[in-house]
Amino acid sequence: MILVAVVSFVDDIQPLSQLPRFASHVIAVGLVFYDLNLFIEPLWLLPIVFVLLIGWVNAFNFMDGINGITVLYALTAILSFSLLSIHVSSLPLLITMGLSCFVFGLFNVRKKAKTFAGDVGSISMALFLGYFMIKTIFETGQLGYILFFSVYGIDAVITILVRLKNKENIFQPQRSHLYQYLANEMRCSHVLVSLIYAGFQLLINGLVIYLDTKGNLNLLFVFEILIVLTFIYLMIPMQVINKLDLKNS
């Protein structure tokens, strides 16, 4: 985290080329693998986890576009991880990070924010949460916990696919995420949109934890949630565009 934070902080002040940023991410992911002892896992699995973690870090960074969304989503994930018994030994770290987010949120979750996460905040937090996601899945053997990141994940994946279809550069800033439609085109409050994202994710996380305690968390449920989220994310922008077209006409 220190490595990616330093590189991201420098990048916030004076934009860097992609090489030092990507290099820091690769080294950081390697350290995560080492700490979680993943190098003993099947060789075919490591590239998959590597791509997913790198993708998550960048997706989390791209989603940092309106006041409150990053810190509230991070708090939701931290709270969810803290409720799992496998993370009892990590509670001091999780609580410390949660309190840090809470203090930051006092100045960020408002109509006119006084503080912003920047790359240093969003990328560091993404790596932190990604670490606990990988740890959770490997220690429990339950892939269903991937749903802890489902709201951000579906938004990011659909946006990337749409941009690829439109032959756009997916590494350039854009305004095609669902939260951007809601905040910009629909003129919804940034804080309200951020609360909706965090609240919806918290609801899913609570359901995931409950089902796992009952032994009913399975891949069918994972697919059902992903399908429902995909439908929602496809329908809302279409409705927004139709309303704007009617208004303009």
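The values are calculated or read from the model by the stated rules, or taken from the named source; none is laboratory data. Given the structure is predicted, the values throughout are model-derived calculations rather than measurements. Glycine also receives a Cβ, built like all others from the backbone with ideal geometry; neighbour counts cover every protein chain displayed. With ligands, DNA and RNA removed, areas are computed over all heavy atoms of the protein, side chains included. Shrake-Rupley method; radii C 1.70, N 1.55, O 1.52, S 1.80 Å.
Considering the dipole of the chain built from charges on the beta carbon (Lys and Arg +1, Asp and Glu -1) around the Cα centre, which of T140, L83, G199 is farthest to its positive end?
G199
Of the listed peptides 35-44, 65-74, 143-152, 106-115, what is their order by residue-averaged count of other C-beta atoms within 10 Å, with the highest listed first?
Output ranking for 35-44, 65-74, 143-152, 106-115: 65-74, 143-152, 106-115, 35-44.
Spin-label point model (7 Å from Cα, Cβ direction): what's the L143 to K114 distance in nm?
Taking the simple label geometry, L143 and K114 are separated by 4.7 nm.
Report the Rg/Rh value for the stretch 1-127, based on alpha-carbon coordinates and the Kirkwood definition of Rh.
0.98
Considering only I236, I158, I54, whose Cα is most displaced toward the positive end of the charge dipole of the chain, charges sitting on Cβ of Lys, Arg (+1) and Asp, Glu (-1)?
Result: I236.
How do 20-28, 117-125, 8-16 rank on mean C-beta neighbours within 10 Å, highest first?
So the peptides 20-28, 117-125, 8-16, ranked by packing, come out 117-125, 20-28, 8-16.
At q = 0.08, 0.09, 0.10 Å⁻¹, what is the base-10 log of I(q)/I(0) for the chain according to the Debye formula with one equal point scatterer per Cα and no solvent? Please give it to two decimals.
-0.31, -0.40, -0.50
To the nearest 20 Debye, how big is the dipole of the stretch 24-147 about its Cα centre, given +1 on the beta carbon of each Lys and Arg and -1 on that of each Asp and Glu?
So the magnitude is around 560 debye.
Quick one: Debye curve from the alpha-carbon atoms of the stretch 1-66 only, equal weights, vacuum; give me log10 I(q)/I(0) at q = 0.14, 0.15, 0.21, 0.24 Å⁻¹ to two decimals.
-0.47, -0.53, -0.93, -1.10
Calculate, in nm to one decimal, what N37 and L19 gain on full extension: separation in residues at 0.36 nm each, minus their alpha carbon distance.
Working it through step by step, the gained length comes to 3.8 nm.
What number comes out for accessible area per residue over the chain if the probe is 1.4 Å? Units Å², please.
Accessible surface, normalised per residue, equals 55 Å².
Across the stretch 84-174, how large is the tail of the calculated P(r) beyond 15 Å, expressed as a percent of all Cα pairs?
It works out to 73 percent of all Cα pairs.
Evaluate the relative contact order of the chain (contact order divided by residue number), counting alpha-carbon pairs under 8 angstrom at least 6 apart; express in whole percent.
Averaging sequence separation for qualifying contacts and normalising by length gives 25 percent for the chain.
Could you work out how much longer the chain between I48 and F102 gets when fully extended? Use 0.36 nm per residue separation minus the Cα distance between them, nm to one decimal.
Between I48 and F102, full extension yields 16.1 nm more.
For the stretch 1-126, what % of the accessible area comes from carbon and sulfur atoms, probe 1.4 Å?
In the stretch 1-126, the share of accessible area belonging to carbon and sulfur is 74 percent.
For the chain, modelled as a GNM with alpha-carbon contacts under 10 angstrom, which of F231, F116, F128 fluctuates the most?
Per the Cα network of the chain with a 10 Å cutoff, F231 tops the list.
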